[in-house]
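In what follows, a structure is listed as structure tokens, so that the remarks can point back to it.
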Amino acid sequence: MKRYFLDKPIQTKLLITFLPVMILSVIATGSFSYWSASDQLRKNSLYSLADTTYQTALFLDDKFLTIFEQLVNLEDTTSLRNLLSVNDQGDTPQKFNDIIELHNRLESVYHSYNAMVDSIYVAFNNGRTFNLQQEYVPRSVSIDLPAWQERYNDSDKGYYWLNSHQDAIFNTVEDRRVLSSFKMIGTPTSPSSGIVLINLRESYFLEIMQNVQISPNGALALISPDGELFSKSLKADYEVKPGTITELRQLAGGNGSLAVESAAGQKLDIAYQTLPLNGWVLAAIVPEKDILAGASRIQWIVLAVTLVILVLVAAATTLAARNLSNPIRYLSKQVKRFERGDFSVSFQIDQRNEIGVLATGLTRLSDSVEQLLNEVREEQEQKRKAEMRALQAQIQPHFLYNTLGSIKHLIDLEERERASVMVGALTRYFRIGISKGAELITVAEEIEHVRSYLLILNIRYNQDFDYAIEVDEELLTLRIPKLTLQPVVENAVYHGIKNKRGKGMVTITGYADEDGAVLEIYDNGQGISPERLAQLRHSLQADSAGDNALSFGLWNAHRRLVLQYGPAYGLVLDSEEMKFTRVTVRLPRVQKEGDSHD
């Protein structure tokens, strides 16, 4: 450990000595500050949450009380009592007056509290029903009164509340959810019985609950024995367990707070309050992360202050050691640049001590290395040009041999006119092929070179195949090693079309894509078997072509493209036996200055 410390630079030694003490001090102070602030913030947030829940519960209870008073008033009206009577004396003026009066009372309640009231329904066991709603046309309005009487019979005074539910009385096209307050009159065995029901708009109470902002991910829940109404859907991480809802139902009648976990294991804080009127529980559910959001900001502030202090300490220590370490740091930086290939770096420093001697030695060394690298580059360039010329010298006798054989064949058949056309094509072929000794020619010249070659072969084989050439104009000015396409076309004719029954077709197309320029030579000849295709693809990457004529021409063209432009370019083979063969020649669309001339 001691040796490790002694080998470190002076600047590092100072930082190792002083920084740990400062870091531990600042971390201890920051941690205590964060813990104190978090605890106080949590207490304040829970107090505020409880107060908000209390105020909201009072507001909701007041709204429910307003509707409940209207329900009681409706149930106590003389007209309703008269119509409920089983002593039906027929249609009398008094009965009509009672119907009109009851309808007017329903109208008054509906329009006075339209913001809250969705609909009103009154039904008696003597068959009379009254209903009022004006915002939709129900498909049917009905109730199974005996079933309701059997279900709701446990209240001494007959008053009941239903939490959010699908309205089962007013059957409408669209789903409607309501809250209900109703009075059950009598029992199934009573001479006179019925129901007075007021449906409340779920949207009205949702809006009240949604306007209470408790936290970004929190929600209010109105919980009753028959269900619950949430102000919004909680995120998956904060969904409340069913057991927590059951526990809140059991706490009806009181108020307080709970600390629970969500279904996903997240900590939740819940403040709850009981509504005095109907005994429902209003619960405010807040993730602990929301409560501690302010503490997180304090944490970041403490962290930022800590980092600032650390930076100041490090800067002061670095400044003290800079005069000693600067020359060595400078030489180290220059050596790294030299390693990355930047030979223009300077190692000179204005010192005459040991560091100055070292800098002078590094300068002489860099000069020697740069000179040796220049010599190696020159040798490699000469080697590349020599290999290019050797490859082209290999391929030219191959072209001449095949072409002269075709001309001799025509002369033997006394086809002088066709032989003359072939000689003319051969003249153009060699004029372009020689190209004044240039290794690179334009794509336009290479295409003309291939066109002459195809004309010769087409005459030789008595037009047993057709050919088409279509190359985009933007590619015609690009440079390409001469005699690149000719061996590919030769293989297409000799090894593809020649062995095909019927007339064949050779197509040459050229276009630009995202990766560069593409020239494709396609023939619909015999194709290549999968095994042979794999061998040819492998041979393209070999250091030599071998003895096979087919692989020699392709390897030669591919090798020259790789030497000229790099391994990203060259030939790509694709074929399906007895169907087609396609050779794709890839060139750079943007060529370096050295690619446009020799």
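Quick check, is Asn491 crowded, with 18+ Cβ neighbours inside 10 Å, without any contact (Cβ under 8 Å) to a residue 12 or more places away in the chain and not in a loop (DSSP other than H, G, I, E, B)? So Asn491 does not fit the description; no. Counted as qualifying within the range 68-160 are the helices (runs of 4 or more DSSP H) with 2 or more residues that are under 14 Å from Phe182 (Cα atoms) and not hydrophobic (A, V, I, L, M, F, W, C), namely 145-151.
Residues are listed down the side, and each one gets a yes or a no for (1) more than 17 Å from Tyr110 (Cβ to Cβ); (2) in contact with a Ser or Thr (Cβ under 8 Å, 6 or more places away or on another chain); (3) exposed (fewer than 12 other Cβ atoms within 10 Å of the Cβ); (4) not aliphatic (A, V, I, L, M):
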| residue | (1), (2), (3), (4) |
| --- | --- |
| Leu132 | no, yes, no, no |
| Glu135 | no, no, yes, yes |
| Tyr152 | yes, no, no, yes |
| Lys157 | yes, no, yes, yes |
| Trp161 | yes, yes, no, yes |
| Ile169 | no, yes, no, no |
| Val178 | no, yes, no, no |
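Inspect all residues belonging to the range 268-289 and state whether any of them is in a helix (DSSP H, G or I), out of contact with any Lys or Arg (no Cβ under 6 Å at 6 or more places or on another chain) and either surrounded by 17 or more Cβ atoms within 10 Å (Cβ to Cβ) or at pLDDT below 90 (or both). There is at least one residue in the range 268-289 that is in a helix (DSSP H, G or I), out of contact with any Lys or Arg (no Cβ under 6 Å at 6 or more places or on another chain) and either surrounded by 17 or more Cβ atoms within 10 Å (Cβ to Cβ) or at pLDDT below 90 (or both). Looking at the range 192-208, can you tell me whether even one residue there is surrounded by fewer than 17 Cβ atoms within 10 Å (Cβ to Cβ), polar (S, T, N, Q) and in contact with a Leu (Cβ under 7 Å, 6 or more places away or on another chain)? Yes, some residue in the range 192-208 is surrounded by fewer than 17 Cβ atoms within 10 Å (Cβ to Cβ), polar (S, T, N, Q) and in contact with a Leu (Cβ under 7 Å, 6 or more places away or on another chain). Among the numbered criteria (1) over 25 Å from Ser231 (Cβ atoms); (2) of a type in the set (A, V, I, L, M); (3) part of a loop (DSSP other than H, G, I, E, B), which single criterion is violated by Val212? Failed condition: (1). One residue stands out among those in the range 439-458 that are touching a helix residue (DSSP H, G or I) at 6+ places or on another chain (Cβ under 8 Å) and assigned to a strand (DSSP E or B): the one that is surrounded by the most Cβ atoms within 10 Å (Cβ to Cβ), which is Leu440. Taken over the range 235-258, residues that are surrounded by 20 or more Cβ atoms within 10 Å (Cβ to Cβ) and either part of a loop (DSSP other than H, G, I, E, B) or over 37 Å from the mean Cα position of the chain (by Cα) (or both) amount to 2.
The values are calculated or read from the model by the stated rules, or taken from the named source; none is laboratory data. Just so you know, these numbers come straight off a predicted model, no measurement behind them. Heads up, the Cβs are rebuilt from the backbone with ideal geometry, glycines too, and the neighbour counts pull from every protein chain shown.
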